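Everything below concerns the one structure shown next.
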Amino acid sequence: MRNVIYVLILSMLVFSGMLFANREIKDRTAKNLIRKPLTAAEKKAAMDKWYASPDGIKYKEWEDSPAGKKVYAGAAKIWKNTRDYTNMEAVVTSLSLPPGSRLGFGVMARINGEDYILRFDDGPQQLKTLKVNDKITIKSHTVSYAPKYAYPIVWGEYAEQGGKVIYKHLPRKGGC
């Protein structure tokens, strides 16, 4: 009887030791997965490596082309408004995005005499009632561009029409 008790206690000790050892290994690997931020030199080296790749070469050619310069000039026109998050008057020019676009819901709009893709995150119903030549006031923090598109992309975060708010970007769930 005594030997049976000793065997049970010894097996429990070995089993619990294996559980704790396995937990420590998982903790160590989780700590190792946290990356340190790259230094400025490392970022520059990574960008130089990307610019030397075939995709980077194509992007650089697009930047130097008249189409790329036009997109950059359009983004520069509204840079101050996006930086300061101020109102921009826009006129809807098309209710559909360029063919082949994968931006989700959006419309084409003219701001300060320049055409832009106005993109919204969650396809709000209120914006689906817009018509061509409707005037809206928008606010945005972000203007982006890509070689695939001939227009700068304005990420709409707020829109109003006739003093009535028709779109306001929802904050992320469970985040800051």
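The values are calculated or read from the model by the stated rules, or taken from the named source; none is laboratory data. The structure presented is a predicted model; accordingly, all values stated were derived computationally and were not measured. Every residue, glycine as well, gets a Cβ built from its backbone with ideal geometry; the counts of neighbours run over all protein chains shown.
All conditions but one from (1) surrounded by fewer than 17 Cβ atoms within 10 Å (Cβ to Cβ); (2) in a strand (DSSP E or B); (3) free of Cβ contacts under 8 Å to residues at least 24 places away in the same chain apply to residue 146; the one that does not is (2). Hey, among 136, 111, 117, which residue is modelled with pLDDT of 90 or more and farther than 21 Å from residue 76 by Cβ? None of the other options fit; the residue is 136. Do we have residue 134 as closer than 15 Å to residue 162 by Cα, charged (D, E, K, R) and more than 18 Å from the chain's Cα centre (by Cα) here? For residue 134, the condition - closer than 15 Å to residue 162 by Cα, charged (D, E, K, R) and more than 18 Å from the chain's Cα centre (by Cα) - is met.
Can you say whether residue 121 is touching a strand residue (DSSP E or B) at 6+ places or on another chain (Cβ under 7 Å) and among the acidic types (Asp, Glu), as far as the supplied structure shows? For residue 121, the condition - touching a strand residue (DSSP E or B) at 6+ places or on another chain (Cβ under 7 Å) and among the acidic types (Asp, Glu) - is not met. Restricting attention to the stretch 9-57, and to residues there that are loosely packed, with under 10 Cβ neighbours inside 10 Å and not in a helix (DSSP H, G or I), which single residue is modelled with the lowest pLDDT? Top of the filtered list is 34. For the stretch 113-120, the count of residues that are surrounded by 11 or more Cβ atoms within 10 Å (Cβ to Cβ) and small (Gly, Ala, Ser) is zero.
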